[in-house]
Amino acid sequence: MQREQRTFIAVKPDGVKRGLVGEIIKRFETKGYKLIGMKMLDVTPEMAEKHYGEHKGKPFYPRLIEYIQSGPIVAMVWKGFDVIAGSRQLMGSTKPLEAQVGTIRADFALVKEYNVVHGSDCEESAEREIAIYFTPEELCDEYENMAEIVIEKLDEE
Ligand code: IDP
Ligand code: MG
């Protein structure tokens, strides 16, 4: 399948505390993406710094590092056709007021500092972020989900 990608998605601590885990997972599932890894964990300072290394030095960095450690996250790996751009679309813009109505951040977040969900922004970040949170053995990619069956049929035509 062409443009089959993996991405790292996390329900951030505010999303977990607000009881949005199921709602957020539902949006990725119903879109047709395939869940291949999931765990709840407390982000360590080392993980936080690796994850958000690109933002080091920015004024909001210390608060971001504190925020991502302010409670457990639900870390996930999703796979699918154009899943990186597609999940950014489902999440909406970083700033909730700029996010389109119907996206997760427009529907559930008020401010950019607490925007309930994380998603990788390119293939390189996706692979880097997946490796921070998961070992290859923790990913379950053996089963076939409905979207894969449909896309295989399209490929055959
Ligand atoms: P993204 O999560 O949409 O990819 P990034 O620019 O990569 O957005 O920023 C990472 C996270 O840092 C955001 O999701 C948000 O939680 C936080 N953040 C981004 N910009 C600001 C800011 O200007 N002030 C405070 N927090 C910010
Ligand atoms: Mg980002």
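Values for this structure:
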{"quantity": "Some residue of the stretch 17-35 being open to solvent by 30 Å² or more (accessible area, probe 1.4 Å) and part of a strand (DSSP E or B)", "calculated": "yes"}
{"quantity": "Selection status of residue 58, farther than 19 Å from residue 133 by Cβ, within 12 Å of ligand 1 (Cβ to nearest atom) and at pLDDT 95 or above", "calculated": "yes"}
{"quantity": "Pairs with Cβ under 7 Å, 6+ apart, first in the stretch 33-57 and touching a residue at least 24 places away in the same chain (Cβ under 8 Å), second open to solvent by 10 Å² or more (accessible area, probe 1.4 Å) and of a type in the set (Phe, Trp, Tyr)", "calculated": "37/134"}
{"quantity": "Residue among 114, 133, 61, 143 that is of a type in the set (Ser, Thr, Tyr), open to solvent by 60 Å² or more (accessible area, probe 1.4 Å) and either more than 19 Å from residue 18 (Cα to Cα) or more than 16 Å from ligand 2 (Cβ to nearest atom) (or both)", "calculated": "143"}
{"quantity": "Qualifying residue in the stretch 91-111 (condition: open to solvent by less than 70 Å² (accessible area, probe 1.4 Å), in contact with a Lys or Arg (Cβ under 9 Å, 6 or more places away or on another chain) and under 15 Å from residue 4 (Cα atoms))", "calculated": "no"}
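The values are calculated or read from the model by the stated rules, or taken from the named source; none is laboratory data. Source: prediction; values computed, not measured. When we count neighbours, we look across all protein chains shown, and the Cβ atoms used for this are built from the backbone with ideal geometry, even at glycine. SASA here: full protein model, heavy atoms, side chains in, ligands and nucleic acids out. Shrake-Rupley method; radii C 1.70, N 1.55, O 1.52, S 1.80 Å.
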